[in-house]
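The values are calculated or read from the model by the stated rules, or taken from the named source; none is laboratory data. None of these values were measured; they are calculated from a predicted model. Please note: Cβ atoms are built from the backbone with ideal geometry, for glycine as well, and neighbour counts cover all protein chains shown. Heavy atoms of the whole protein, side chains included, go into the accessibility calculation; ligands, DNA and RNA do not. Shrake-Rupley method; radii C 1.70, N 1.55, O 1.52, S 1.80 Å.
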Amino acid sequence: MLRKHRNEDLIVRRIAHSFPPSRSQTVRQFLSLGIGDDAALFRPKPGHETILTCDWSLEGTHFFREKHPPDSVGWKCLARAVSDIAAMGGAPRCFLLSLALPETHTGRWLSLFLGGLRRASRKFRCALAGGDTTRRNEILINVAVVGEVRSGSALLRSTARPGDFLYVSGRLGEAELGLQIVRRGQGAASKNNLLIRKHLYPEPRLALGQWLVKKGLATALMDLSDGLSSDLSRLCAASAVGARLEKAKIPRIPAPWAAVKHGCDPMQLALHAGDDYELLFAVPPSKAKLIPETFRGLRLTAIGRITRERQLTLLEENGRARQLLPRGWDPFRRTQ
């Protein structure tokens, strides 16, 4: 069974056959040459800038082969990279897949992985344009995504201004709690659990990012992949500002008992846990009234303000303020 997959050309053909050429005119207008040659040919639309991003998904760091369904690994490796496109208010167009895996996983595991990746590709309207494959004992995945945004309209993390309101989408900390449940071996049988689904099948907030750009409502934008405390710290550093958050307003897991049951503090998850892929954005006071409570069913919450003082503070429920230190995900920290 495995011998027929030992030839790299056969694996490449399996990948290509999983992503047949799109009949969509939208895809054909920017991808004039896809899989099959040494490289793809990308044709950006007039009046648009190209967004480039890439993301690793590493066995043992981002997923565990014994715990994570292969289709979720396929979905998430693209969703994580596409979230960077959402964080600039852009639209994804195509992606490159670099995949290293052991021979033992070139059969059923690969088929399921490609199934999840294909579903994500269709959902996000992001076509496979090519990539590379190789053999390795552990599974390593790198996805590079090409996106577009109208020239001069991309939202950055370096343009927040003092006085801006800070908003987040969704609830924070749910994906990390989902991971804790999966690591305890409860994920495979409970994929419809909302917490587990947010960890296994995150939804990049593309529509929200594009709406903020179209309406001109935000001054700065980024996605929350490493945790609010760390990602907000990066936004403030890039904009040369600070921020003051109100603890009571930070949206967290609605059922605290679910977090406590797994030894987690809902507020600590909301402040420091990563993998949520929600959007963090700054809005000038003059436009704050134009931000709805929900956007297409997604909750939008004002959690604080941008300040001139270049420090992060957290206002407790008792009125006291304390410094908020970045304690989110850092792959180079010795303990997480």
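Among the residues of the stretch 34-60, those identified as open to solvent by less than 60 Å² (accessible area, probe 1.4 Å) and either modelled with pLDDT under 70 or acidic (Asp, Glu) (or both) are 34, 55, 59.
Looking across the stretch 216-256, just one residue is assigned to a loop (DSSP other than H, G, I, E, B) and among the basic types (Lys, Arg), and that is 252. I'm checking my understanding of the structure. Among residues of the stretch 209-258 that are under 15 Å from the mean Cα position of the chain (by Cα) and either buried (at least 22 other Cβ atoms within 10 Å of the Cβ) or without any contact (Cβ under 8 Å) to a residue 60 or more places away in the chain (or both), which one is nearest to residue 92 (Cα to Cα)? Among residues in the stretch 209-258 that are under 15 Å from the mean Cα position of the chain (by Cα) and either buried (at least 22 other Cβ atoms within 10 Å of the Cβ) or without any contact (Cβ under 8 Å) to a residue 60 or more places away in the chain (or both), the one nearest to residue 92 (Cα to Cα) is 209. Hey, can you tell me all the residues within the stretch 136-158 that are more than 30 Å from residue 281 (Cβ to Cβ) and touching a strand residue (DSSP E or B) at 6+ places or on another chain (Cβ under 7 Å)? Of everything in the stretch 136-158, those that are more than 30 Å from residue 281 (Cβ to Cβ) and touching a strand residue (DSSP E or B) at 6+ places or on another chain (Cβ under 7 Å) turn out to be 136, 138, 139, 140.
Six or more apart or on different chains, Cβ atoms under 8 Å: show the pairs whose first residue is in the stretch 53-80 and closer than 22 Å to residue 146 by Cα and whose second is at pLDDT below 95 and open to solvent by 50 Å² or more (accessible area, probe 1.4 Å). The qualifying pairs are 72/191. Among the criteria (1) buried (at least 19 other Cβ atoms within 10 Å of the Cβ); (2) without any contact (Cβ under 8 Å) to a residue 40 or more places away in the chain; (3) not basic (Lys, Arg), the one residue 102 does not fulfil is (1). Candidates are the residues of the stretch 100-158 that are under 30 Å from residue 241 (Cβ atoms) and β-branched (Val, Ile, Thr); the one that is farthest from the chain's Cα centre (by Cα) is 149.
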